[in-house]
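The values are calculated or read from the model by the stated rules, or taken from the named source; none is laboratory data. These numbers were taken from a predicted model, which means no experiment stands behind them. Here Cβ is always computed from backbone atoms with ideal geometry, including for glycine, and neighbour counts include all displayed protein chains.
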DNA sequence: TGGATTGTTTGACAATTGTCAAAAAAATTA
DNA sequence: TAATTTTTTTGACAATTGTCAAACAATCCA
């Protein structure tokens with residue numbers, strides 16, 4: 001299901017509303033390892049992934065990269081804190097693979113909501129969806145062993161396992177890279 | 001800062017808007033260990049904590065209670081999944097101490113938004129706030145050792161440490177109860 | 001009050017996970 | 001392609017965390 005179809009399905013967009021909306025967003029293609037957002041800058045855009053793969057990361061006090069999110073096709077790429085409050089981002093968002101995105105700038109998003117009222121409901125729905133995702137992730141980190149977390153990750157993100165490095169996945173799961181390598185060798 | 005003051009400060013409520021809003025919510029006092037929401041039921045209300053302490057928990061496959069959130073004064077008590085989508089809750093919300101709550105029913109909340117438009121912005125703001133909270137919690141679970149998580153918890157929730165049991169805090173931090181007891185004895 | 005229940009601590013030990021270093025493999029680029 | 005860089009794996013070992021069981025302490029009511 002692509003972006004248009006899911007708007008029609010989940011938010012009852014009409015064909016007309018879809019047509020009216022189009023001028024307010026655009027497509028962008030990023031090559032591998034290109035930044036969508038850099039730490040320290042104010043995020044002025046969000047995007048829906050059409051194809052490819054992205055991740056969010058920051059540097060911890062030891063200078064190690066900590067990956068906190070992966071963005072697969074169909075998901076919303078956003079730094080909530082930076083985009084919603086227009087403050088500098090603490091994290092980076094970068095492509096892992098070449099990716100095609102549907103991009104909404106902060107300004108266009110505001111105008112789109114005014115121009116096509118059905119969009120009013122989207123930010124809350126998106127925020128609540130992210131909330132439910134994070135809640136699941138919290139419970140996994142809270143209750144599962146390293147091996148169990150990896151097994152669930154494999155099930156949920158089989159594509160990511162092919163493109164992301166062991167180091168990226170390890171930091172996402174809160175496991176040491178050598179430990180994850182051993183877990184993988186036993187599966 | 002109480003509930004009224006924070007609406008005025010963060011959402012620019014006028015005295016009149018506050019007065020108009022009052023008929024749409026009410027105060028409730030719960031004794032210790034009283035349920036605010038039971039797993040399996042559809043949540044029909046949310047609340048702001050005036051005083052006291054609550055927690056969310058569910059049972060894992062071994063039948064152990066897993067505490068996933070604590071609600072201190074000033075915070076919003078909600079099961080997002082159940083309240084927003086009106087589906088049965090997977091988790092319980094229960095008081096730890098006797099608590100005083102400002103309660104909004106699902107029906108009243110809808111009417112309040114219609115009657116006093118300044119409320120329109122609240123659900124999104126609340127959802128985004130919860131998102132930022134959860135993001136912080138994820139990073140703590142992902143990057144900190146058991147001891148570090150407990151130290152941060154102590155700083156953030158000194159009140160909770162006094163009322164909650166070691167078992168509740170341990171499950172919240174994803175630590176075995178005996179291990180947390182040992183960590184505590186060394187601080 | 002006293003008995004029962006619930007919660008906490010502790011010991012002995014086991015399992016899991018992390019650290020450091022080096023080797024092997026894979027990816028990048030000159 | 002060859003050289004360089006990055007990533008992954010592996011070994012030896014250490015530290016952290018979990019398990020099971022028992023003792024101890026605190027709380028709850030009858």
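Take the conditions away from DNA strand D (no atom under 16 Å from the Cβ), away from chain A (no Cβ under 14 Å) and touching a helix residue (DSSP H, G or I) at 6+ places or on another chain (Cβ under 6 Å) and apply them to residue B:103. Does it pass?
Details: away from DNA strand D (no atom under 16 Å from the Cβ): yes; away from chain A (no Cβ under 14 Å): yes; touching a helix residue (DSSP H, G or I) at 6+ places or on another chain (Cβ under 6 Å): no.
So residue B:103 does not fit the description; no.
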> With (1) in contact with a helix residue (DSSP H, G or I) (Cβ under 9 Å, 6 or more places away or on another chain); (2) touching a residue at least 40 places away in the same chain (Cβ under 8 Å) as the list, and residue B:73 as the residue in question, which single condition is left unmet?
Replying inline: (2)
> For segment B:38-46, does any single residue satisfy the condition of being at pLDDT 95 or above, closer than 15 Å to residue B:95 by Cβ and surrounded by fewer than 17 Cβ atoms within 10 Å (Cβ to Cβ)?
Replying inline: yes
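Can you confirm whether residue A:170 is touching a strand residue (DSSP E or B) at 6+ places or on another chain (Cβ under 8 Å), modelled with pLDDT of 95 or more and crowded, with 16+ Cβ neighbours inside 10 Å? Don't jump to the end; show me each part of the working.
Values: touching a strand residue (DSSP E or B) at 6+ places or on another chain (Cβ under 8 Å): no; modelled with pLDDT of 95 or more: yes; crowded, with 16+ Cβ neighbours inside 10 Å: yes.
Considered against the rule, which asks whether it is touching a strand residue (DSSP E or B) at 6+ places or on another chain (Cβ under 8 Å), modelled with pLDDT of 95 or more and crowded, with 16+ Cβ neighbours inside 10 Å, residue A:170 comes out as no.
Check A:90, A:147 and return the single one that is free of Cβ contacts under 8 Å to residues at least 60 places away in the same chain and within 16 Å of the chain's Cα centre (by Cα).
From the options A:90, A:147, the qualifying one is A:90.
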> What number of residues within segment B:107-125 satisfy the criterion of being assigned to a helix (DSSP H, G or I), surrounded by 16 or more Cβ atoms within 10 Å (Cβ to Cβ) and more than 9 Å from chain A (Cβ to nearest Cβ)?
Replying inline: 7
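Can we say residue B:136 is within 14 Å of chain A (Cβ to nearest Cβ) and either surrounded by fewer than 19 Cβ atoms within 10 Å (Cβ to Cβ) or within 30 Å of residue A:86 (Cβ to Cβ) (or both)?
So residue B:136 passes the test.
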>> Out of the residues in segment A:167-187 meeting the condition of being in a helix (DSSP H, G or I) and free of Cβ contacts under 8 Å to residues at least 24 places away in the same chain, tell me which one is farthest from DNA strand C (Cβ to nearest atom).
In response: A:185
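Residues checked against (1) within 16 Å of DNA strand D (Cβ to nearest atom); (2) farther than 20 Å from residue B:175 by Cβ:
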site: A:126; (1), (2): no, yes
site: A:148; (1), (2): yes, no
site: A:155; (1), (2): no, yes
site: A:165; (1), (2): yes, yes
site: A:186; (1), (2): yes, yes
>> Please pick out the residue among A:141, A:112 that is more than 26 Å from residue A:184 (Cβ to Cβ) and over 18 Å from the mean Cα position of the chain (by Cα).
In response: A:112
>> One residue is enough: does segment A:12-25 have a residue meeting the conditions under 27 Å from residue A:159 (Cα atoms), in contact (Cβ under 8 Å) with a residue 60 or more places away in the chain and not in a loop (DSSP other than H, G, I, E, B)?
In response: no
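What number of residues within segment B:68-91 are over 14 Å from residue B:45 (Cβ atoms), within 14 Å of chain A (Cβ to nearest Cβ) and part of a strand (DSSP E or B)?
First, the residues of segment B:68-91 that are over 14 Å from residue B:45 (Cβ atoms): B:68-70, B:72-75, B:81, B:85, B:87-88, B:90-91.
Subset that is within 14 Å of chain A (Cβ to nearest Cβ): B:68-70, B:81, B:85, B:87, B:90-91.
Within this subset, residues satisfying the condition of being part of a strand (DSSP E or B) are B:68-70.
Within segment B:68-91, residues that are over 14 Å from residue B:45 (Cβ atoms), within 14 Å of chain A (Cβ to nearest Cβ) and part of a strand (DSSP E or B) number 3.
Considering segment A:153-166 alone, what residues qualify as being part of a helix (DSSP H, G or I), away from chain B (no Cβ under 14 Å) and either touching a residue at least 24 places away in the same chain (Cβ under 8 Å) or touching a helix residue (DSSP H, G or I) at 6+ places or on another chain (Cβ under 7 Å) (or both)? Full working, then the answer.
Keep residues of segment A:153-166 that are part of a helix (DSSP H, G or I), which gives A:153-156, A:158-163, A:166.
From the residues that got through so far, the ones that are away from chain B (no Cβ under 14 Å) too are A:154-156, A:158-163, A:166.
Residues satisfying the conditions are A:154, A:159, A:160, A:161, A:163, A:166.
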